[in-house]
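See structure below.
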Amino acid sequence: MQESQTIPAVSFWFFREKEGTMMERNLLKDQFAPKLIKIGSCDTIENFWKIYQHITKPSECRGCDFQVFKEGIEPMWEDPHNKEGGAFSFLIAREGSSVFWDELVIAFCGGVIPFYEEINGVSISTRKPLIQVQIWFKRCDQALIDTMKKEIGSFFMIPEETNIKIRIFKKKKVMKIQEFENKGNRLCLQIFT
């Protein structure tokens, strides 16, 4: 029997707010963590497909989040691996969301996404009519963020006119929100402190 090819170890996570309730924008860790479910972990292609084939496609579900993070990192900004980082966040149409999510997850789990060493995980939220995608990175260096944004956008063929928000995580509360103009598009930077 042939051994399965190894991949970087990852964990799959799931979050769903109770039916009929509105999701609060920024739940604290003690409110969010109990609702977060670890689906499983894998470090081989075979085990990846054993888990991934049973996960509902984003275009087919509403009201939940799916996250894939490097093993040992929880999909919360309070996790020590995420605290000094942030996330690229953008919206995509529900119709194309499943194909985009497949490509993003496979590139991340295969370690071929640009700047893999800087990325902690990826997530998708199906709670709104448009689907929110996030790519979480581990450290905030403006030159690095600018380069990552450009190369990741190119790798996944994200149209230049897409409004990509950059969330910078630092502790618990929003200190300030700054808006910048970027080639005619609104770019929002949230700084937590």
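The values are calculated or read from the model by the stated rules, or taken from the named source; none is laboratory data. It should be emphasised that the depicted structure is a prediction, and the values quoted were computed from it without experimental measurement. For neighbour counting, all protein chains shown are included, and Cβ atoms are generated from backbone atoms with ideal geometry for every residue, glycine included. Remember, those area values only see protein heavy atoms, side chains included, never the ligands or the DNA or RNA. Shrake-Rupley method; radii C 1.70, N 1.55, O 1.52, S 1.80 Å.
Computed values, structure above
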quantity	calculated
Calculated FRET efficiency for the pair PHE156/GLU84, C-beta based, R₀ 35 Å, to 0.05	0.90
ARG139 long-range amide H proximity, modeled H, under 5 Å	GLY86
Amide H contacts under 5 Å for CYS64, placed H, 5+ residues apart	THR126, ARG127
³J(HN,Hα), Karplus 6.51/-1.76/1.60, whole Hz, each residue of the stretch 122-135, x for Gly, Pro	9, 9, 9, 10, 10, 7, 10, x, 8, 8, 9, 10, 10, 10
Chain lengthening between PHE14 and ARG139 when straightened (0.36 nm per residue, less Cα-Cα)	42.6 nm
Positive minus negative residues near LEU144 (Lys, Arg vs Asp, Glu; Cβ under 13 Å)	-2
Check: the stretch 62-177 dipole with +1 on Lys, Arg Cβ and -1 on Asp, Glu Cβ, in debye	700
For the stretch 29-139: accessible area per residue (Å², 1.4 Å)	45
Surface accessible to a 1.4 Å probe, LEU36 within the full protein complex, Å²	20
